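Enquirer: Can you keep this structure in mind? I'll have questions shortly.
Derivation of every value follows stated rules applied to the coordinates shown; laboratory data play no part. It should be emphasised that the depicted structure is a prediction, and the values quoted were computed from it without experimental measurement. Heads up, the Cβs are rebuilt from the backbone with ideal geometry, glycines too, and the neighbour counts pull from every protein chain shown.
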Amino acid sequence: MEDIWVIIFSVGIVQGLFLIVAIWFTKNRKQFSKELFVLILLSSVTLLSSELVEISGKRTLIIRMYRIGETLPLLIGPLFYFYTIAAISPDVGFRKQNLIHFLPFFVFTFLFMPFYLESYDYKVEYINKVNTEGLTLGMKLFGWFKGMYAIGYLIYSWILARRYRVKKLRKNFHVNLIYWLVILQFSAVLLTQLLVTSELLQISIGISSDRAGALFFTFIYYVFALILIISPKGILPEDVQLAKSKRYKKSSLSHDQKEDILIRLTQSLMKDKPYLRADLNLDDLAKSIRVNPNFLSQVINERLDKNFYTLINEYRIEEFKRNINGSKKTIYGVALDSGFNSKSAFNRVFKEITGTTPSQYKKSID
């Protein structure tokens, strides 16, 4: 039986290393989503390697590496969550405040550090105690916590992917892949979590949660490998800036012309407020400032780093903020006056741009 586990983990490690190399040498080398995905795979391969060493019979190496990957599951959940964000919005970067998501990983790694630095003899004694008495309640609870932590981030990732699928009518292959990948990982973590719970309740299942989790994720590596071979672009979205450069490569606009269009656009938005029209589109706006629609789209994308509808909705939100204070109209009434044509669209856009709901915002200024 041990030989079978060695084969399974070995295949999983080789598969993971293959994916890391294949993805790293794809185009857009500095792409943020690619770097996140490589970190996810590297963390997972490290977990498999730690498990493989433990069952391969090399006792000295086992003791030196014992529990070395204990806190890595706390890293994978947040990494995959940010990968999902980067995959859906490739122009999103990583901010310093995002580091708070990795705080549990750093805290528990720091707490485990004294054990990692303990002597060989101390670890031998500890392992013998675990073999006879089992893991302590604290370690079992920590295993349960790691599973719940991963489940939380997978749920967040699933919500993001599902929302994007609905909004884009499910036509984006890459987002569909992320959506089903989240479900696959969630199932793997949930099954592992059930095994951890059985260990907490001292119910013998016949397989450890660590080995089962490694088996589940080895299967996920196979899925990744097949998708990568069949459709390399399925794993990683094309870099936004590269896409823009390709899209506008043949554009004849000079730097000065772009500046002129940007000035005319800004003046129109500030003075004429065309965004108050609920049916405003790119062609209408371009016509009003006497600019080719393609040139206007190029300037908005390149100089403002957003698309037409995001720009217009931002101005509508600012208009709403200016008018809601002291208004006798309802929130939806002011939203209509600001250019929105539906309550659901207004609520969604307001939350996406401001991070809060219209009702919460109104209460904060009353």
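Enquirer: In the stretch 299-317, which residues have a backbone nitrogen under 15 Å from the label point lying 7 Å from residue 258's Cα in the Cα-to-Cβ direction?
Expert: The answer is 299-307.
Enquirer: By average Cβ neighbour count within 10 Å, what is the ranking of 350-360, 298-308 from highest down? Display every interim value, and only then the final one.
Expert: Values: 350-360: 14.5, 298-308: 16.7.
Result, highest mean first: 298-308, 350-360.
Enquirer: Right, next: Quick one: what are the phi-derived ³J(HN,Hα) couplings along the stretch 75-85, Karplus 6.51/-1.76/1.60 with θ = phi - 60°, whole Hz, x for glycine and proline?
Expert: Result, rounded to whole Hz: 8, 5, x, x, 4, 5, 4, 6, 5, 4, 4.
Enquirer: Which whole-Hz ³J(HN,Hα) couplings does the stretch 181-189 yield from phi under the Karplus relation 6.51 cos²θ - 1.76 cosθ + 1.60, θ = phi - 60°, glycine and proline marked x?
Expert: Each residue of the stretch 181-189 in turn: 5, 4, 4, 4, 5, 4, 4, 5, 5 Hz.
Enquirer: Across 10 Å bins from 0, what is the distribution of all Cα-Cα pair distances for the stretch 259-328, in whole percents?
Expert: The calculated distribution, bin by bin, is 20, 55, 19, 6, 0.
Enquirer: Residue by residue through the stretch 344-355, which ³J(HN,Hα) values in whole Hz follow from phi under the Karplus form 6.51 cos²θ - 1.76 cosθ + 1.60 (θ = phi - 60°), with glycine and proline marked x?
Expert: For the stretch 344-355, the Karplus-derived couplings read 5, 5, 4, 4, 5, 5, 4, 5, 5, 7, 9, x Hz, x marking Gly and Pro.
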